[in-house]
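Remarks on the structure that follows.
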């Protein structure tokens, strides 16, 4: 009987605790929905304001052949998509970025690990990394154009040179921020070098790797398009150059907006979702 008397308060409080948890979860979900609605409201408001200002400028401030109205640009974008040109030239630019950025990411991550763990390698490579980081991308675009001429090789090399420093710097910051206590504890438990890398280094550096992807990829987009404008024979930059030479502002802006829309899709839908999925175990990062 004494046992039953002691257990009965726990039994009676259990439903109350579950109700409180359910209420807290409901409030949290409601708060998250309100935050999402607020973000979408202001995001859409920004687009409405921008396109409204654009329409006003085209109608009352500048001649429409200089600043075409948004509707004319959308019609041109539709024609480009229907004709199939968008797939050909986006494919050419994406292949350049895929090859160049993959090489830059592998080399930059390895270089960042070396520099972050060794002062000797930091002294050896540090100034060169900083030099490529601060040099304008136009310099490398012109340099590779003069060295490699027309074709795809010049844009690929330009992407590698300009992206590698951004990847390296982000990885270096992650390696230097690594808590030595974690490594010492893993060694105290006699973990192998591979186990330390697999279970300590990689999980801790994962956010820095993703940051390197986001920044390096954005730079790769810009430099690939810029180099195509100068010496490309296909790609988004090549089409921008062609429209510019014919002074077709409508066609030029149509390719610019297609470039913007696709880059935004890769950033918001592909990269950010993959980051949230991989880093789900780190709520402060995955938010």
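For this structure, a couple of remarks:
- Qualifying residues in the range 198-233 (those that are at pLDDT below 85, farther than 23 Å from residue 270 by Cα and surrounded by 15 or more Cβ atoms within 10 Å (Cβ to Cβ)) - the one nearest to the chain's Cα centre (by Cα): 201
- With respect to the conditions (1) exposed (fewer than 11 other Cβ atoms within 10 Å of the Cβ); (2) over 24 Å from residue 237 (Cβ atoms); (3) modelled with pLDDT of 80 or more, residue 84 falls short on a single one, namely (2).
- Condition met for residue 53 (assigned to a helix (DSSP H, G or I), surrounded by 10 or more Cβ atoms within 10 Å (Cβ to Cβ), over 23 Å from the mean Cα position of the chain (by Cα) and at pLDDT 80 or above): yes
- Condition met for residue 285 (at pLDDT below 85, surrounded by 18 or more Cβ atoms within 10 Å (Cβ to Cβ) and touching a helix residue (DSSP H, G or I) at 6+ places or on another chain (Cβ under 6 Å)): no
- Among the residues here, residue 112 does not qualify as touching a helix residue (DSSP H, G or I) at 6+ places or on another chain (Cβ under 9 Å), modelled with pLDDT under 85, in the same structural domain as residue 213 (by TED's automatic domain parsing) and assigned to a helix (DSSP H, G or I).
- Residue list for the range 174-196, filter: exposed (fewer than 15 other Cβ atoms within 10 Å of the Cβ), without any contact (Cβ under 8 Å) to a residue 24 or more places away in the chain and part of a helix (DSSP H, G or I): 180, 181, 184, 185, 187, 188, 193, 194, 195
The values are calculated or read from the model by the stated rules, or taken from the named source; none is laboratory data. What you see is a predicted model; the values in this text were computed from it and never measured. When we count neighbours, we look across all protein chains shown, and the Cβ atoms used for this are built from the backbone with ideal geometry, even at glycine.
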